[in-house]
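All remarks here apply to the structure that follows.
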Amino acid sequence: MSGAPSIELIGFTKRFGAMAALDDVSVKVKAGAFHALLGENGAGKSTLVKCAMGYYAADEGQILLNNQQVVIDHPRQAHELGLGMVYQHFTLVPNMTVLENFVLSRGDLPAVIDWASERKVLNDFFSTTPFAVPVDLPVGDLAAGQKQKAEILRQLYLKRNLLILDEPTSVLTPDEADEVLSTLKKMTEQKLVTIVTITHKFREVNAFCDTVTVLRRGKLVGTQPTSELDNDTMAEMMVGRRETRAVVEREQHAVGKAVLKLDGLSVADNVGQLAVEDLSLEIRAGEIVGVAGVSGNGQRELVETLAGQRHKQSGEIRVHGAPYTATRAEMIRHKIACLPEEPLRNACVADMSVAENMALRSFDQPPSSPDGIRLKRSPMRDMARKLIEAYKVKTPGPDAAIKGLSGGNVQRAVLARELSSEGDLVIVANPCFGLDFAAVAEIRARLVQARNRGAAVLLVSEDLDEILQLSDRIVVMFDGKLALETPSATADVGAIGRAMAGH
Amino acid sequence: MNTTLERIAVPVLALLASAVLFGLLLAFYAHVDPLEAFGLMYEGAFGSWFSWQNTLTRAAPLILTALCTALPARLGLVIIGNEGVLVVGGVTAAAAGIAVAGAPPLVVQLVMAIAGMAAGGLWIAFAGALRQYRGVNETISSLLLTYIAIALMNHFVEGPLRDPSSLNKPSTWPIGDANMIGTIPGTDVHWGLVFGLVACLLCYLFQRFTTWGFAMEVIGGNPKTARMMGLNVGRYVLLACGAGGAAAGLAGMVEVAAIQGRANASLAVGYGYSGILVSFLARHHPLAIVPVSILLGGIGASGGLLQRRLDLPDAAVVVLQGIIFVAILASETLYGRLLKPKEVA
């Protein structure tokens, strides 16, 4: 290995349409540094490293590697220069052995592979690294921590000495994370590698990183040595000083009775691990409860469970005091509305028409169906016309396929379907994700209207501004549990930021 | 509107492509004039009232077995166990018919139809339940169930239900001439064709004009959305699979009560497999199944003429069917690209 390089990114700007994901960001990473990139979702961390790795073409920006200017247009060039990336999720092929995975990723394979000599090369290589993994075990049999080690070792095996880690510990237990990070720390101290790590966790920053760069909404907030920063300062850099009071007009009124009550709710994720753990929460009529948190802390599983798309593991969900199991009868009786993120994928049938999609909640109720069996399409169309008008959905007509509509209009159509029944309980997840300003403002106003007329609203969002602006009460979710609960009128943004980072 | 046009254009293109391929095969491998062969095929399928009747008789079971794939396909399931259902339906219907043989013919026929449909419905509902509650791939399980069905049939026609006088071809006892369902007046085509037409019409009306049909379209279109709407996905899976299985089971009953008069190995002659092809060609649309079944019935009917006049093997039309199936599967990738100008990435 040729020793740890330094890298400097100068003046990076990257626009997606009108939105600047990165705005003139410059970062200098010293040789042998363990450098943290800190920021909320959407702060531009991933965009920045993807530009550096050549996955995205930056609109502006220069890269100096060991003080020499280099051009990286393609990941291959980045790899040749010694830049390697380790992802949050594993990229090794699970049913191939470590040896096979490593040799495969080299990419310059001869027609016949001499496995004996490859094995010897790899074993020799492992004798020089601070940790090793079993060479002949299928990757799928390794524990999560070992898999992540294997991912890192592969980068080293491929002679990459500048590693970019994208939330490398999010799938690891704290002990595994400590072990992996502390060995990496030693390697940087020996000047073997330079490491840039994207993270949300203050604990890891404090324990392992020597320098922190904080991004916020695509802008550089600052780069400082970790030793000069405490958690409060970091949280403030990360979330900023913000207006905590709503811009949207809201009525002052006393909140009503509890509509949704979660008691000790636990939900497993797709691989069977608990994503929501023993969570208890109450939402009353006429209030918006905002669930803040970095994505991947169980919010998605929570919303899917409430929406009927996922089974709970244990605990109780009650709506208006009655047990709730997400059947259609219960949804209709309690008038439950859901606004998930990416509505075309999660709340629509893309191949069906706008009118049909708007009727998904009501197609088996009068007037679309007088008896629950017969289906009448003309009342369906009439209702759709009214909703299209009332919610200003831009569509060629009620019979147009919904997949032809723009994202904002799909969300408006879903909003029309879900909110027109004046539901008692509204479950919302990242409703404004990927929408333009006009659509965002309108959707937020509709949510506040729903609250004003007495609906209980659960708002899960990765956008802290949205939560601060809309919520009456804020809870923070971290690692499947509620980390903080505060009325938004007296919310301390720093405390929210710390809770989001697990402090 | 583009999509409707495309839904017709793509299968038609696939059919044309298969015809070209088959023509090349005839010209360069079998050394016959493809145009003459196609002309004879037309003659054998649709050239006379006689060939029309032959075609329609062959189309009848195809219409019913195609529904066994088409109905579950609405929910996004791929069921290909049609042959087995036909066999199960046929054997059950025969057994039921023999059991009540003394009753008035209409009663016997009704009992046979109900028995065949119930057995077929349960057969595919089982595959649907395995999929819904145990995560077993319904395509594989329904296919494997076909082998079980044929083995069961062999067991019954050679064992408990065997008519000792059926020496060369083990069969069940006959259901009796009086109990046969007969032909449509003025034709040689049996009533099974009417059953098929009615079944397709009912399925279409069900899909288009009932909330259950609508719910099935939602489930097939986006299961995640369906769950968010609180739809009971499992119930609809069982319903669609059961109804599809019942249709193919009825095809088995018709084969017994209109053609064979008894259940034997002649039940498993490929109507079930051809039904899969029909359903895919028809894009699983119940009304489109009818013309497609007639087309494929015609191809089957023309085999004899090709054999007699061009000395082609009987299997020639089966080769054409195979080519069509592969072409149809390959043409799936054309949807959304055919009529839309290429988008710039």
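A short reminder: the numbers here are calculations on the coordinates, not readings from a lab. Quantities reported herein were computed from a predicted structural model and do not represent experimental measurements. We place every Cβ from the backbone using ideal geometry, glycine too, and count neighbours over all the protein chains shown.
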Give the average, rounded to an integer, of partner chain Cβ atoms located within 10 angstrom of each Cβ in B:217-224.
6
For B:Ser171, what charge total do you get from the other residues with a beta carbon under 9 Å from its beta carbon, if Lys and Arg give +1 and Asp and Glu give -1?
+2
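Need one value for A:348-361: mean number of C-beta atoms belonging to other chains within 10 Å of its residues' C-beta atoms.
Details: counts 6, 11, 3, 5, 6, 0, 0, 0, 4, 4, 0, 2, 9, 3.
For this peptide, the per-residue mean of nearby foreign Cβ atoms is 4.
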Along the Cα→Cβ direction, 7 angstrom out, place labels at A:Glu8 and B:Ala265. What is the inter-label distance in nm?
8.5 nm
Using a ≥ b ≥ c from the Cα gyration tensor of segment B:89-171 (square roots of the eigenvalues), is it rounded, prolate or oblate, where a/c under 1.5 gives rounded and otherwise the larger of a/b and b/c decides, a/b for prolate?
oblate
As an exercise, use a Förster radius of 30 Å and the Cβ-Cβ distance of A:Lys28 and A:Asp232 to find the FRET efficiency, rounded to the nearest 0.05.
0.75
Ranked by Cβ crowding within 10 angstrom, fewest neighbours first, how are B:His284, A:His311 ordered?
A:His311, B:His284
Once the dipole of segment A:258-500 is set up with Lys and Arg at +1 and Asp and Glu at -1 on Cβ about the Cα centre, which of A:Ala456, A:Gln365, A:Gly298 lies farthest towards its positive end?
A:Gln365
Given R₀ = 41 Å, FRET efficiency for B:Val107-A:Asp382 by Cβ-Cβ distance, to 0.05?
0.25
Does chain B classify as rounded, prolate or oblate by the C-alpha gyration tensor (a ≥ b ≥ c root eigenvalues; a/c under 1.5 gives rounded; else a/b over b/c gives prolate, otherwise oblate)?
oblate
Taking A:285-296, A:383-394 and ranking on average Cβ neighbours within 10 Å, highest first, one gets A:285-296, A:383-394
Where nothing but the Cβ of Lys and Arg (+1) and of Asp and Glu (-1) is charged, how large is the charge dipole of the protein assembly as shown around its Cα centre, in debye to the nearest 20?
1420 debye
Segment B:Val233-B:Ala330, length gained on full extension (0.36 nm per residue, minus Cα span)
31.9 nm
Fewest-first ranking of B:Trp191, A:Trp115, B:Trp123, using other Cβ atoms within 10 Å as the exposure measure
A:Trp115, B:Trp191, B:Trp123
Label point at A:Lys219 placed 7 Å out along Cα→Cβ; residues across segment A:11-33 whose backbone nitrogen lies under 12 Å
A:23-25
Given the rule -39500 (n - 2.57) for each run of at least 4 DSSP H residues, summed and divided by the residues of the protein assembly as shown, what is its mean residue ellipticity at 222 nm, to the nearest 500 deg cm²/dmol?
-15500 deg cm²/dmol
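Just to confirm a number: summing +1 for Lys and Arg and -1 for Asp and Glu over residues other than A:Gly315 whose beta-carbon lies under 10 angstrom from that of A:Gly315, what do you get?
-3
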Shape call for segment A:172-331 from the C-alpha gyration tensor, a ≥ b ≥ c root eigenvalues: rounded (a/c under 1.5), prolate (a/b greater than b/c) or oblate?
oblate
As an exercise, use a Förster radius of 41 Å and the Cβ-Cβ distance of A:His89 and B:Ala30 to find the FRET efficiency, rounded to the nearest 0.05.
0.15
Over 29 Å between C-alpha atoms is what I'm after, so list which of A:Lys14/A:Lys481; A:Lys50/A:Lys394; A:Lys50/A:Lys149; A:Lys219/A:Lys394; A:Lys45/A:Lys159; A:Lys50/A:Lys312 land there.
A:Lys14/A:Lys481; A:Lys50/A:Lys394; A:Lys219/A:Lys394; A:Lys50/A:Lys312
Which net charge results when you count Lys and Arg as +1 and Asp and Glu as -1 among the other residues whose beta-carbon is under 11 Å from that of A:Gln146?
-2
Estimated distance in nm for a label pair at A:Ser127 and B:Thr183, the labels positioned 7 Å out from Cα along Cα-to-Cβ
8.9 nm
Nitroxide proxy distance, nm - points 7 Å out along Cα→Cβ at B:Val198 and B:Leu167
4.1 nm
On full extension of the chain, what length is gained from A:Ile332 through A:Asp73, given 0.36 nm per residue of separation minus the C-alpha to C-alpha distance?
87.9 nm
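Report, as an integer, the average count of C-beta atoms from other chains found within 10 Å of each Cβ along B:64-75. Provide the component values of the computation, followed by the final result.
Values: counts 0, 0, 0, 0, 0, 0, 0, 0, 0, 0, 0, 0.
Per-residue shielding by partner chains comes out at 0.
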Order these by the 10 Å Cβ neighbour count, fewest first: B:Tyr29, B:Tyr273.
B:Tyr29, B:Tyr273
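Starting with the highest mean, order A:353-365, B:82-94, A:445-457, A:132-144 by the number of other Cβ atoms within 10 Å, averaged over the residues of each peptide.
On the way: A:353-365: 23.8, B:82-94: 32.5, A:445-457: 20.1, A:132-144: 15.8.
In decreasing order of mean packing, A:353-365, B:82-94, A:445-457, A:132-144 become B:82-94, A:353-365, A:445-457, A:132-144.
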